[in-house]
1. Report the longest stretch of the chain that contains none of the GluC sites (Glu not before Pro) sitting in a DSSP loop with at most 16 other Cβ atoms within 10 Å.
2. Give me the percent of DSSP beta bridges within the stretch 57-216 that run antiparallel, rounded to the nearest 5.
3. Quick one: grab the alpha carbon gyration tensor of the stretch 122-252, order the square roots of its eigenvalues as a ≥ b ≥ c, and give me rounded if a/c is under 1.5, else prolate or oblate depending on whether a/b is larger than b/c.
4. If you line up the long axis of helix 114-126 against the longest principal axis of the chain, both from Cα atoms, how many degrees apart are they, to the nearest 10?
5. Between (1) 18.1; (2) 19.8; (3) 19.0, which matches Kirkwood radius over Cα pairs in Å calculated for the structure shown?
6. Which shape class applies to the stretch 16-68: rounded if a/c is under 1.5, otherwise prolate when a/b exceeds b/c and oblate if not, where a ≥ b ≥ c are the square roots of the Cα gyration tensor eigenvalues?
7. Assigning unit charges at the beta carbon (Lys, Arg +1; Asp, Glu -1) and nothing else, what dipole magnitude in debye, to the nearest 20, does the chain show about its Cα centre?
8. Filter K87/K173; K21/K173; K76/K221; K173/K248; K173/K196; K50/K131 down to the pairs with a C-alpha to C-alpha distance above 30 Å, please.
Amino acid sequence: MEIKHFEVMRDGLTIRGMMTKPDGDGPFPAVIYNHGFTGHKGESHFLFKKLADALAARGFASFRFDFIGSGESDGKFIEMTMTSEVKDCLAVFHYAENCELIDANSMNLLGFSMGGAVSILAASSLRERVKKLILLSPAANMQDVLTRKLQGEALLHYIETGTIDFGGNVIGKALLDDVFELDIYEAAKQVTAEVKLIHGTHDDAVPPFVSWKLAEIFAEKGSVHWIHGSDHCYTTARFETNVMDAVKSFFD
């Protein structure tokens with residue numbers, strides 16, 4: 001296994017990420033990772049890094065990256081939208097499928113939380129170019145996630161400034177306007193990939209029902225793997241192992 005830095009340009013801005021390459025010469029099937037809101041290419045308790053290492057042992061190359069405005073990539077977080085993150089995902093996808101070491105006929109997407117919603121939108125555009133789609137706690141409810149705290153002083157602050165402070169990460173009006181214009185459930189109807197949804201039954205950020213509803217839309221293409229008792233980020237070793245086993249099994 002080898003880990004290499006890569007860079008991709010998108011609209012004059014640099015996306016920075018890490019490629020985990022299996023041993024051998026390839027060509028390898030590839031997985032593109034889309035991190036969550038305020039997340040990064042390693043994700044909470046380094047879940048993406050651990051998944052990339054585990055999948056490399058199964059012959060998959062992984063492309064983890066920071067969205068524009070997050071982590072080590074260019075741009076400002078306040079200027080990020082879900083639409084801009086879809087553009088980032090598509091740029092990395094195009095870069096990966098054109099790498100010499102990659103099998104362009106075996107491209108896959110994995111997304112966590114808001115990155116799951118981004119993955120659905122990207123897959124609906126890429127259609128048959130995506131073979132498998134893995135959705136961890138997919139936030140098809142971003143309207144609710146972003147606005148549930150807009151009460152009292154927070155609401156007045158937003159009305160006056162057009163910004164919301166999420167623990168030091170400031171978002172702007174552009175993101176809210178964008179998520180209210182996007183219909184993740186409608187986009188899901190255009191996905192042709194085989195889908196695995198993974199969701200904790202005690203997720204208080206993205207209700208588990210969101211994955212149940214998405215599975216209904218995906219029909220025979222998708223199913224839900226429930227992690228009983230888990231929170232949104234799978235923050236115990238047992239929950240994490242359950243996620244990793246489900247992902248590895250989906251790719252076997």
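The numbers here are math on the coordinates, done by the rules we state, and not lab data. What you see is a predicted model, and the numbers here were worked out from it, not measured in a lab. Note that each Cβ is placed from the backbone with ideal geometry, even for glycine, and that neighbours are counted across all protein chains shown.
1. 101-252
2. 25
3. Oblate.
4. Helix 114-126 and the main axis of the chain meet at about 60 degrees.
5. Read-out taken from this structure: (1).
6. prolate
7. 420
8. Cα-Cα > 30 Å for K21/K173; K76/K221; K173/K248; K173/K196; rest within.
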